[in-house]
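A.B. asks: Quick one: structure below, then a few questions.
The values are calculated or read from the model by the stated rules, or taken from the named source; none is laboratory data. Bear in mind that the values here come from a model prediction, so they are computed numbers and not experimental data. Note: ideal-geometry Cβ built from the backbone for every residue, glycine included; neighbour counts use all protein chains shown. SASA here: full protein model, heavy atoms, side chains in, ligands and nucleic acids out. Shrake-Rupley method; radii C 1.70, N 1.55, O 1.52, S 1.80 Å.
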Amino acid sequence: AHPGRKVAQKLVDGGRLGEKTKAGFYDYDAEAPRLWHGLKGYFPFAAEQPALEYVKNRLMYRQANEALRCFDDGVLSDARDADLGSVLGWGFASHTGGIARFIDNVGAKNILDFCLEAEKTVGERFTPASKLVALAETRALLHQA
């Protein structure tokens with residue numbers, strides 16, 4: 001089961017069904033939704049927090065790995081399509097130029113190393129895509145000059 005399922009179940013069991021009931025992860029008022037303060041009772045902060053750079057990499061590199069899995073599966077075949085789809089489709093950080101440009105700029109080897117380490121601690125969702133491994137081994141770019 002996905003770990004998010006437990007989170008959702010706790011909220012549902014507590015009667016927090018989302019925007020339709022004006023209560024979920026957020027409290028909804030006339031101004032704007034605000035993060036519900038009761039979350040800290042359900043999910044207290046761990047004594048040790050990960051470094052900000054690790055959190056950023058975990059969020060960005062997971063998306064990079066999944067995009068490369070789309071190349072593995074034949075869903076994508078062109079870096080430009082990946083860039084356009086990532087920015088316009090799921091809201092990937094536009095300042096990076098898109099997911100493929102991000103991968104080229106960061107380097108597949110760096111992403112692969114992170115994913116291999118995260119796979120040990122976080123789980124199989126960080127198992128590297130074949131395309132990631134191939135790019136890292138050959139030092140090839142998705143955007144060929």
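A.B. asks: Starting from region 32-58, take each residue that is under 30 Å from residue 111 (Cα atoms) and list its partners that are open to solvent by 70 Å² or more (accessible area, probe 1.4 Å) and in a helix (DSSP H, G or I), counting only C-beta distances under 9 angstrom and pairs at least six apart or across chains.
C.D. replies: 43/10; 50/58; 57/110
A.B. asks: Between a first residue in region 1-29 that is at positive phi and free of Cβ contacts under 8 Å to residues at least 40 places away in the same chain and a second residue that is surrounded by 12 or more Cβ atoms within 10 Å (Cβ to Cβ) and part of a loop (DSSP other than H, G, I, E, B), which pairs have beta carbons less than 9 Å apart while being 6 or more apart in sequence or on different chains?
C.D. replies: Partner pairs satisfying both residue conditions: 18/24; 18/25; 22/28.
A.B. asks: Would you tally the residues in region 124-138 being in a helix (DSSP H, G or I) and open to solvent by less than 20 Å² (accessible area, probe 1.4 Å)?
C.D. replies: Going through region 124-138 one residue at a time, the tally reaches 4.
A.B. asks: Would you list the helices (runs of 4 or more DSSP H) that sit entirely within region 1-115 and hold 1 or more residues that are over 25 Å from residue 136 (Cα atoms) and open to solvent by less than 100 Å² (accessible area, probe 1.4 Å)?
C.D. replies: Qualifying helices (runs of 4 or more DSSP H): 3-13, 39-42, 79-89.
A.B. asks: Spot the failing condition for residue 23; the list is (1) of a type in the set (A, V, I, L, M, F, W, C); (2) more than 15 Å from the chain's Cα centre (by Cα); (3) farther than 22 Å from residue 8 by Cα, and only one is missed.
C.D. replies: Condition (3) is where residue 23 drops out.
A.B. asks: Here's another thing I want to ask about it. Looking at (1) within 18 Å of the chain's Cα centre (by Cα); (2) modelled with pLDDT under 90; (3) of a type in the set (A, V, I, L, M, F, W, C), which is the one condition that is false for residue 82?
C.D. replies: (2)
A.B. asks: So, one more: List, please: which pairs have Cβ atoms under 9 Å, are six or more places apart or on different chains, and start with a residue in region 60-75 that is over 15 Å from residue 116 (Cα atoms) and without any contact (Cβ under 8 Å) to a residue 40 or more places away in the chain and end with one that is of a type in the set (Ser, Thr, Tyr) and part of a helix (DSSP H, G or I)?
C.D. replies: Listed pairs, sorted by first residue: 67/86.
A.B. asks: Separate question: How about region 1-58: which of its residues are closer than 30 Å to residue 102 by Cα and modelled with pLDDT under 85?
C.D. replies: Matches in region 1-58: 2, 3, 4.
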